[in-house]
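The values are calculated or read from the model by the stated rules, or taken from the named source; none is laboratory data. In this text, all values refer to a predicted model and were calculated from it rather than measured experimentally. Here the Cβ positions follow ideal geometry from the backbone for every residue, glycine too, while neighbour counts run over all protein chains shown.
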Amino acid sequence: MTPEGQIDFRIPPGVSISYQQRYTPLAYDSTIQVAARREVACAERRNQFAGPVPWHLTREQITYIPEAKAGEIALDLGCGAGIHRSVLETLGYRYHGVDYAGAAADDLVDAHALPYTDSTFDLVFAIALLEHLAQPVRVMQEVQRVLNASKHFIGTAAFLEPFHDNSFSHLSPLGLSNALQSSGFAVEAILAIRGWNAIRAQLEMGFERARLPRWISHLLSQPFVWAMEVYAFAGRSFASDKSRHSRDLAHARHAGAFFFVARKPTLTR
């Protein structure tokens, strides 16, 4: 028990865990399709949230979070200062925040070995977390285990952001989709986060403490966005394979990070 009253479930120094990972061969000699898109609001109305939007989220992303039924619990994995609590509680969830360290967490955990029984939570939320984990596929397997059937795993994952804060794995949309599917999830959406392209991410995060204000990085990255759009338009107009130049694919190629929505399949007998 910590001085803040948290239970410390972290793996002790010198202790290791082992796990199994499934590999399904892919057709590497041809283009593997991945349904990455530009960020848009969810086509299905899942909630009526109208409150303030915290850092690291957008209003479009919040539209993908299902409104809770009575008694449902959300696990905020890597909760940081707990800035997502108000959103999840407004949507009706009982909030449980965990992190490796920090006073805002209800429990201290190592996400590679979650201390909860199978099928405990009705939503797992992981914003800006996966890149900071040594073995993200193992963490996805743990999330799949503690999540109830037909419930959602929602989060973000870095792609072309610079190395930062012990970041291990920056995932392409294909890598993110494959990791989620190999962990037992059905992928519902992978979205290039609106306004967060590679140039803006590098400008804001690439100089450590000398961080540019967001409005300046947005302004400086706009010529790159315009050039990307013009190139994609030219490709759709003149290239022999126009599918390689869709706006969705152009934004996915140059995204700083992705927002994802995955679902644990319903159990079948």
Considering only the stretch 1-11, how many residues are in a loop (DSSP other than H, G, I, E, B) and either among the β-branched types (Val, Ile, Thr) or within 16 Å of Ala134 (Cα to Cα) (or both)? 3
Which listed residue, of Ser18, Ser30, Ser119, is part of a loop (DSSP other than H, G, I, E, B), touching a strand residue (DSSP E or B) at 6+ places or on another chain (Cβ under 6 Å), closer than 24 Å to Gln181 by Cα and not acidic (Asp, Glu): Ser119
Would you check which residues across the stretch 47-69 are in contact (Cβ under 8 Å) with a residue 40 or more places away in the chain, part of a loop (DSSP other than H, G, I, E, B) and either surrounded by 13 or more Cβ atoms within 10 Å (Cβ to Cβ) or touching a Cys at 6+ places or on another chain (Cβ under 9 Å) (or both) and list them? Asn47, Phe49, His56, Leu57, Thr58, Tyr64, Ile65, Pro66, Ala68
Where His170 falls short, out of the listed (1) more than 25 Å from Val98 (Cα to Cα); (2) free of Cβ contacts under 8 Å to residues at least 40 places away in the same chain: (1)
Among the aliphatic types (A, V, I, L, M) and either under 27 Å from Phe121 (Cβ atoms) or modelled with pLDDT of 95 or more (or both), is that true of Ala210? no
Before we move on, is Arg22 within 20 Å of Ile190 (Cα to Cα), basic (Lys, Arg) and within 22 Å of the chain's Cα centre (by Cα)? no
If I ask for residues that are crowded, with 17+ Cβ neighbours inside 10 Å and not in a helix (DSSP H, G or I), which ones from the stretch 158-175 would you list? Ala158, Phe159, Leu160, Glu161, Pro162, Ser169, His170, Leu171, Ser172
With touching a residue at least 40 places away in the same chain (Cβ under 8 Å) and not in a strand (DSSP E or B) as the only criterion, which of Ala252, Ala232, Ala227 stands out? Ala252
Index of the failed condition, Ala189 passing every other in (1) in contact (Cβ under 8 Å) with a residue 12 or more places away in the chain; (2) surrounded by fewer than 21 Cβ atoms within 10 Å (Cβ to Cβ); (3) out of contact with any strand residue (DSSP E or B) (no Cβ under 6 Å at 6 or more places or on another chain): (3)
Given the conditions (1) under 22 Å from Arg37 (Cα atoms); (2) at pLDDT 90 or above; (3) surrounded by fewer than 19 Cβ atoms within 10 Å (Cβ to Cβ), report the number of the one that Asn197 does not fulfil. (3)
Within the stretch 9-46, can you find the residues that are over 24 Å from Ala250 (Cβ atoms), surrounded by 12 or more Cβ atoms within 10 Å (Cβ to Cβ) and touching a residue at least 40 places away in the same chain (Cβ under 8 Å)? Phe9, Arg10, Ile11
State whether one or more residues within the stretch 70-79 are of a type in the set (A, V, I, L, M), at pLDDT 95 or above and surrounded by fewer than 19 Cβ atoms within 10 Å (Cβ to Cβ). yes
Name every residue in the stretch 128-146 that is touching a residue at least 60 places away in the same chain (Cβ under 8 Å) and in contact with an Asp or Glu (Cβ under 8 Å, 6 or more places away or on another chain), in order of residue number. Val146
